[in-house]
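Each remark here refers to the structure printed beneath this line.
No lab work stands behind these numbers, since they all come straight from the coordinates. All figures in this text were calculated on a predicted structure; none of them were measured in a lab. Cβ atoms come from the backbone with ideal geometry, glycine included; neighbour counts cover every protein chain shown.
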Amino acid sequence: LKYWLTRPSCPPVFREVKSLFDRFVSPLVDANPISVSEDHSPTPQVIPADLRQLIQVRRAVLHARTLHEGSIYTRDSTHVGNSLILYYPGGIRNVQPTPGIIKYIFEMERVVGFAVRRYLPLHSHPDPFRHYPYFPARLYSSTLAEHLETVKPEWVVTHFARWNFSPQHIVAVSLSSV
């Protein structure tokens, strides 16, 4: 579609619609709240109780989105798709990445972190995707952990696509190989 819209044979009306769509649906935004300028000093605000319990402070800067190494990450209330991440719990890279959803993006002393709820592993059924090592999908419980955990942006491997396989199961498909 993108190629067709740039061709000279594309009717002008479609190019105009594309122009309007680009302006209103996907405006150019600086998604990185930290790199706005050197004098950028957002005001810390009182944070929700569940986040306060995790990071042990009363005030922090909360963001709707951030940019890290070319990828946009958002909290789930802003855009669910950009909040679904595969990450190394605790930054330990010799374990399989865990799927989670970003509930908060917080900043303290100009350092950004994510408050994440992980998807629980599935113990009741064998993973049908285990037989296909080159297909980056895994079966998980659709239940999220009750507690939040801190995830540093550098611990994130990639986004993942979530397929609601059943009311009790999700399939997490890594988007790093797609």
inquiry  = Just want to confirm a number: the relative contact order over the range 68-178, from Cα pairs under 8 angstrom separated by 6+ residues, in percent.
reply    = 26
ask   = residue 94 versus residue 45, label points 7 Å from Cα toward the beta carbon: distance in nm?
value = 4.2
request  = Please compute the net charge surrounding residue 113, taking Lys and Arg as +1 and Asp and Glu as -1 over other residues with Cβ under 9 Å from its Cβ.
outcome  = 0
task = Please identify every one of the trypsin sites (Lys or Arg not before Pro) in the range 65-148 that sits in a loop by DSSP and has no more than 15 other beta carbons within 10 Å of its own beta carbon.
result = 93, 110
ask   = Dipole of the range 40-178, Cα-centred, from +1 at each Lys and Arg C-beta and -1 at each Asp and Glu C-beta, to the nearest 20 debye?
value = 100
query = Put +1 on the Cβ of every Lys and Arg and -1 on every Asp and Glu Cβ in the range 35-112; which of 99, 111, 49 then has its Cα farthest towards the positive end of the dipole?
reply = 49
message = List the residues, sorted by chain then number, that are 5 or more residues from residue 157 or on another chain and whose placed amide H is less than 5 Å from its amide H.
response = 86, 87, 88
ask   = Label points 7 Å out from Cα along the Cβ direction at residue 71 and residue 9: separation in nm?
value = 3.9
message = Net charge within 14 Å of residue 47 by Cβ-Cβ distance, Lys/Arg positive one each and Asp/Glu negative one each, not counting residue 47 itself?
response = +3
